[in-house]
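Shown next, in structure tokens, is the structure this report addresses.
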Amino acid sequence: MSVIGYDDLSPAEDVFPALTTVHIPHEELGRTTVRLALHHDDLDRPAQHAVLGTHVVVRGSVAPRLWR
């Protein structure tokens, strides 16, 4: 059995086994949100959106894959 969390908060490293989690780029998310909000009134620009990447931080709470 494997257990994963979401948000990669610091307590995820402090438990045993350390919790595998999905990392969210909070600072990049904030900067992008402000940039889009500040430029939403530009009439000569098309509507904008942004796709930000996440990644999985593998720690001890993921069981090894069993090959059959």
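Considering every residue within segment 13-25, establish whether at least one is free of Cβ contacts under 8 Å to residues at least 24 places away in the same chain, open to solvent by 80 Å² or more (accessible area, probe 1.4 Å) and not charged (D, E, K, R).
No - not one qualifying residue is present in segment 13-25.
Given the structure, is D44 modelled with pLDDT under 80 and exposed (fewer than 10 other Cβ atoms within 10 Å of the Cβ)?
Numbers: modelled with pLDDT under 80: yes; exposed (fewer than 10 other Cβ atoms within 10 Å of the Cβ): yes.
So D44 passes the test.
Where residues in segment 26-41 are acidic (D, E) and open to solvent by 100 Å² or more (accessible area, probe 1.4 Å), which of them is modelled with the lowest pLDDT?
Let us first name the residues in segment 26-41 that are acidic (D, E), namely 27-28, 41.
So of that shortlist, the ones also open to solvent by 100 Å² or more (accessible area, probe 1.4 Å) come out as 27, 41.
Values: E27: 93, D41: 71.
Across segment 26-41, the extreme among qualifying residues is D41.
Within segment 1-34, which residues are in contact with a strand residue (DSSP E or B) (Cβ under 6 Å, 6 or more places away or on another chain) and in a helix (DSSP H, G or I)?
A12 - this is the single residue of segment 1-34 that is in contact with a strand residue (DSSP E or B) (Cβ under 6 Å, 6 or more places away or on another chain) and in a helix (DSSP H, G or I).
Being assigned to a loop (DSSP other than H, G, I, E, B) and surrounded by 12 or more Cβ atoms within 10 Å (Cβ to Cβ) narrows it down to one residue among G60, G53; which is it?
Just a single option satisfies the conditions, and that option is G60.
Given the structure, is A37 without any contact (Cβ under 8 Å) to a residue 40 or more places away in the chain, in a loop (DSSP other than H, G, I, E, B) and small (G, A, S)?
In short, no.
The values are calculated or read from the model by the stated rules, or taken from the named source; none is laboratory data. Just so it is clear, the structure is predicted and the values come from calculations on it, not from any experiment. Neighbour counts run over all protein chains shown; Cβ positions are idealised from the backbone, glycine included. Ligands, DNA and RNA are stripped out before the accessible areas are found, and what is left, the full protein with its side chains, is counted by its heavy atoms. Shrake-Rupley method; radii C 1.70, N 1.55, O 1.52, S 1.80 Å.
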